Every structure is written in structure tokens, then in C-alpha cells.
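The values are calculated or read from the model by the stated rules, or taken from the named source; none is laboratory data. The shown structure was predicted, so the numbers you read here are calculated from the model rather than taken from an experiment. All Cβ positions, even for glycine, are placed from backbone atoms using ideal geometry, and neighbour counts span all protein chains on display.
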Amino acid sequence: MNPHFQIRPKPNEAKLKEEAMPFVHVSSNVPKASVDADAAIRAISKALSVALDRPEHYLMVHLDLEQSMLFQASDAPCAFIHIRSIGKIDAERNPKTAAALTATVAEVLKLPADRVFLNLDDIAAGNWAMNGKLFG
């Protein structure tokens, strides 16, 4: 058989979804000098791991500080959290995820929780890749 035309078994989509890498991007206008960035990304990673029931080694955290931001017509300290994941984004889990990530980000950035805005996106496995390979 030609090795370039091997028939591969269809990946187990449930297994891929369990291994998918959730991603959280936190943007804030808080000054870099006022945040321990390493401690902040580790706290955010832990909170997302618990909220989505995923091991931390499958997560990615991106923290952008000192961004030009306006929220509720004010440039007072604020943050935007964008969470993307294959699965684990649903009506039952979202309130817990939103509460946990809002509380964590508010704590590590030292800003009021009512200055934190959050979005959650459930990404199709065929639209997410790691190491050059799609999850679905």
C-alpha cells in the first residue's frame, strides 16, 4: 500500500474535544507596572481550568495590559475577557465561568468587577488547530 494514501481512522471527536486547548484573552487599560503579570496569567489559567474542567496544560492565556480602552464612556480601569473553547461553553456552565473569570481578573488587575466585560465563544473543532492539525 502506498504510504501517502493510507486510510486513517476517523478521530474520536469526544476525545479531541476533551483535549482541546481553551484560550482566554484578557485586555485591560491597567498599567503594566501595577500588575504581577506572571502571577496574573497563572491565576487566570487556574480559574479557567476549574471553570471549564480542563487540565491547565491544555490552556492558553494571553494578557494585554496598558491598552487604549473605553468602557461605559469612561477610561477608568477596565478589562475585556474573551474565552474560546471547543465545547464546555453552554447555558449551564457559562454563569459559573463568567463569575469565576470576572472575579479572578478583577482581583489580579485590582479593578471593580463591574468594570469587566466578558464574551464566551464555542468554537467548532474543525476551526481550531494545534501543531498544524485540526481538532475536528
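Within the stretch 74-87, does at least one residue satisfy the condition of being of a type in the set (Lys, Arg), touching an Asp or Glu at 6+ places or on another chain (Cβ under 8 Å) and closer than 19 Å to residue 40 by Cα? Yes; the residues of the stretch 74-87 include at least one that is of a type in the set (Lys, Arg), touching an Asp or Glu at 6+ places or on another chain (Cβ under 8 Å) and closer than 19 Å to residue 40 by Cα. You will find that of 80, 71, the residue that is surrounded by fewer than 18 Cβ atoms within 10 Å (Cβ to Cβ) and among the aromatic types (Phe, Trp, Tyr) is 71 and no other.
The set of residues in the stretch 30-77 being closer than 17 Å to residue 96 by Cα and hydroxyl-bearing (Ser, Thr, Tyr) consists of 45, 49. The stretch 1-94 holds strands (runs of 3 or more DSSP E) entirely within its bounds, and those carrying 3 or more residues that are modelled with pLDDT of 95 or more and not hydrophobic (A, V, I, L, M, F, W, C) map to 23-28, 79-85. Being on the phi > 0 side of the Ramachandran plot, in contact (Cβ under 8 Å) with a residue 24 or more places away in the chain and either surrounded by 13 or more Cβ atoms within 10 Å (Cβ to Cβ) or among the basic types (Lys, Arg) (or both) is a description that does not apply to residue 96. The set of residues from the stretch 47-59 being within 16 Å of residue 104 (Cβ to Cβ) and either among the aliphatic types (A, V, I, L, M) or without any contact (Cβ under 8 Å) to a residue 24 or more places away in the chain (or both) comprises 47, 48, 49, 50, 51, 52, 56, 59.
Give the residue, chosen from 65, 134, 52, 118, that is surrounded by fewer than 19 Cβ atoms within 10 Å (Cβ to Cβ) and under 11 Å from the mean Cα position of the chain (by Cα). From the options 65, 134, 52, 118, the qualifying one is 118. Within the stretch 108-134, count every residue that is outside any helix (DSSP H, G or I) and in contact with a strand residue (DSSP E or B) (Cβ under 8 Å, 6 or more places away or on another chain). Going through the stretch 108-134 one residue at a time, the tally reaches 10. Close Cβ contacts (under 8 Å, 6 or more residues apart or on different chains) running from residues in the stretch 105-128 that are at pLDDT below 95 to residues that are in a helix (DSSP H, G or I) and not basic (Lys, Arg) comprise 125/13; 125/16.
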